[in-house]
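Notes to accompany the following structure.
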Amino acid sequence: MNSSPASNRRPSATDVDLSVRIGTLHFRNPILAASGTFGYGIEFAHLADFGKLGGFVTKGLSREPIAGAPAPRLCETPSGMLNAVGLQNVGVRAFVEQKLPLLRKFDVPVVANVFGYCQEEYVDVIRMLEDADGLAAYELNISCPNVKRGGLQFGSDPAMAAEVTRAARTAAGKRPLWVKLSPLVADIGLMARVVEGEGADALTIANTYPAMAVDHRTRKSRLGNPSGGLSGPAIKPITLKLVWEAWKSVKIPIIGLGGIETASDVLDYLTVGATCVQVGTASFSDPKVSERLSDELRTACFESNLFNISELRGKFSAETG
């Protein structure tokens, strides 16, 4: 049964409780801006009201600066977008010295996305962040190439995923560790259980899907790279299923992302088990989308007689008829 405000006055949308918890962390609402789509946060400070965000995830941070892929880096596709940014970032040292002090001025949880080309690099980045104030959690991106192991991806091999999660968990003594899983696995439930067993506090599901866009006239890619990552509404049905399968397999919270543009999209992800969502591609066309969604979500919950959004989590029924 849905909770409703206990008073004699007529309830309104302002009575809806959108707050959620991921372990020890509290978020004012379940809408976070996704890594790679919100810069370091500072770039959006004049465009979005951080007071209406649940939080945001920084673009990926590496041990050393990375220049990234050649232009063009973005390409619109039917119902989505391709990106090939190439993990461009200023490096963890510059982030701590130049970006993080500015972020501390805002009342919004900041999650640092962390990646590396080998296990040692993941650990080094986290150790540097451990000494800095102003972060709520780490998001371990295990979809990056592991150069020392022949270009395989951490996120597609359970043993490698376990190893890097274990090492990151040991390094991350101060903060929760979220693990961002790759969608390119045969059994997302298995991968979810593996990283849960190694100390992950939450899961982010999932990353983009490898794809291409070509121009037959030039015989070349529409991106600076031959291929990129597909995101946007086109991937939502696939990722929704991944979230549901993972939710059935683990006890830790799940953050879902993929094709979220409306309040209904947010509620769909919560229905199949997500605690929070991350909004990504939509931010490119509307930098205020996460802010707008928080207002729309409150109204949508009220219209559904849902006064505590957490009550919807995992209520999907697989029964038919």
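Structure data summary
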| quantity | calculated |
| --- | --- |
| GNM result for the chain, Cα springs below 10 Å: residue of VAL92, VAL214, VAL20 fluctuating most strongly | VAL214 |
| Binned Cα-Cα distance frequencies in region 1-146 - 5 Å width, integer % | 2, 8, 16, 18, 17, 14, 10, 6, 4, 3, 2, 1, 0 |
| Choice from GLY80, GLY199, GLY60 with maximal GNM fluctuation in the chain (Cα, 10 Å cutoff) | GLY80 |
| Spatial separation of Cα centroids for region 235-252 and region 65-114, in angstrom | 25 |
| Percent breakdown of C-alpha pair distances by 5 Å bin, ordered from the shortest bin, for region 77-202 | 2, 11, 20, 21, 18, 14, 9, 4, 0 |
| When the convex hull of its Cα atoms is projected in every direction, mean area for region 13-312 (nm²) | 14.9 |
| Percent of beta bridges antiparallel (DSSP, the chain, rounded to nearest 5) | 40 |
| Choice from PRO109, PRO183, PRO78 showing the highest fluctuation, given a GNM over the chain with Cα pairs closer than 10 Å | PRO78 |
| The chain: calculated mean residue ellipticity at 222 nm from DSSP helix runs of at least 4, using -39500 (n - 2.57) | -7500 deg cm²/dmol |
| Helix axis angle, 119-130 relative to the chain longest principal axis, alpha carbon, degrees | 50 |
| Kirkwood Rh (inverse of mean 1/r, distinct Cα pairs), region 174-226, angstrom | 13.6 |
| Over 26 Å between alpha carbons, listed pairs LYS52/LYS105; LYS180/LYS288; LYS174/LYS251; LYS180/LYS236 | none |
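Each reported figure results from applying straightforward, stated rules to the coordinates on display, with no laboratory input. In this text, all values refer to a predicted model and were calculated from it rather than measured experimentally.
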